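Trainee: Please find one structure pasted underneath; my questions will follow.
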Amino acid sequence: MPSRSTHASAPSPLGPTPDLPPSPGSPGSAEHLALADRILSAAEGLGLSRAAEGPLPSRHDIRVIGETLVEVLFPESRRQTAAGAHVREHLAAAIADVAARLETATFLGLHRNCASANDGPAVMDGCRERAHAITAGLLAVLPELRAALGRDVLAAYESDPAASGVDEIVACYPGLYAIAIYRVANRLLRAGAEVVPRMLTEHAHSRTGIDIHPGATIGESFFIDHGTGIVVGETTLIGSRVRIYQGVTLGALSVRDRGRTDKPNPKKRHPTIEDDVIIYANATILGGETVIGRGAVVGGNAWITYSVPSGIRVGVGT
């Protein structure tokens, strides 16, 4: 058998190998470092960011947490894993996974306000304890959240003749996904979590086109049909058995002066929607003093900055 040649290999028929660009993470040139300095100093407003005090959870982490939480709340959507484990064992494993991920994310959302670089380990441990307590509190109410989402599913099934069954709603309806993430994020926000609740609802926003602020208050048996383009503002109050369609905005009449450095304005800026209201596509309802009374119907493309009495039909023919 011939021995391998010790001579240099022949030139490639494609010509000399081109110089490759630096690998990701390699030190930049002086020119790149100078550009980095210019980028970091370019936007004065971003100097208010607290990113230097520690990272927030990554978008990837938030996406995994959101998807796992929905899987935990609707375990019927995946009855068996590839290994054949039963739903109970799979659910327990998913809970353990999301608990660890959520506690870490909650800590990252808290620690910038909970502790500073000059604080000692005891203060940082206190931040971790808060994150653990918030996570444990959410785990404790998961059965309650699942029951609430069950009522949302039934509301969708009863309201949408196109639904072939509740399994289709759980598997397909973007409105239910957005509501599920909202109900989790709202609980986290009420328990004292920071940033993470908003990151979760913005994940759902990017996935579904439905923007529900985690600070909104929404009653039971809530149904979003289609959903794309819906906006529900932070101080919105929505009663029970409310149905809204794509493109609906429940917003504020004006935006406060962002030059202020105090805490966000606690004043109610968004409307109140009472029980059994239906709001059709692309309606816009604005203002913290605006109340849509029980059983009212708001027609498509309506623009409303005034209160509507109970049982009234606005912009809907008889």
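Laboratory data are not the source of any read-out in this text; all were calculated from the coordinates shown. Remember, predicted model here, so these are calculated numbers, not experimental data. Glycine gets a Cβ as well: all are built from the backbone with ideal geometry, and neighbour counts include every protein chain shown.
Trainee: Between Ala148, Val98, Ala185, whose Cα lies farthest towards the positive end of the dipole of segment 53-209 when Lys and Arg beta carbons carry +1 and Asp and Glu beta carbons carry -1, centred on the Cα centre?
Mentor: Sorting the options by dipole projection puts first Ala185.
Trainee: For segment 53-209, I need the span (max minus min coordinate) of the C-alpha atoms along each principal axis, in Å, sorted largest to smallest.
Mentor: Here the spans come out as 59, 34, 25 Å, largest first.
Trainee: Count charges around Val196 for me, please; just the other residues with Cβ under 14 Å from its Cβ, Lys/Arg as +1, Asp/Glu as -1.
Mentor: Net charge in that neighbourhood comes out at +4.
Trainee: Would you mind ranking Ser206, Ser159 so that the residue whose beta carbon has the fewest other beta carbons within 10 Å leads the list?
Mentor: Working: Ser206 11, Ser159 14.
Result, fewest neighbours first: Ser206, Ser159.
Trainee: Would you mind ranking Thr249, Thr106, Thr284 so that the residue whose beta carbon has the fewest other beta carbons within 10 Å leads the list?
Mentor: Thr284, Thr249, Thr106
Trainee: Between Arg151 and Asp97, what is the spin-label point distance in nm, taking each point 7 Å from the Cα along the Cα→C-beta axis?
Mentor: For Arg151 paired with Asp97, the spin-label model returns 3.1 nm.
Trainee: Something else about it: If we count other beta carbons within 10 Å of each Cβ, what is the order of His132, His111, fewest first?
Mentor: By the 10 Å Cβ count, ascending: His132, His111.
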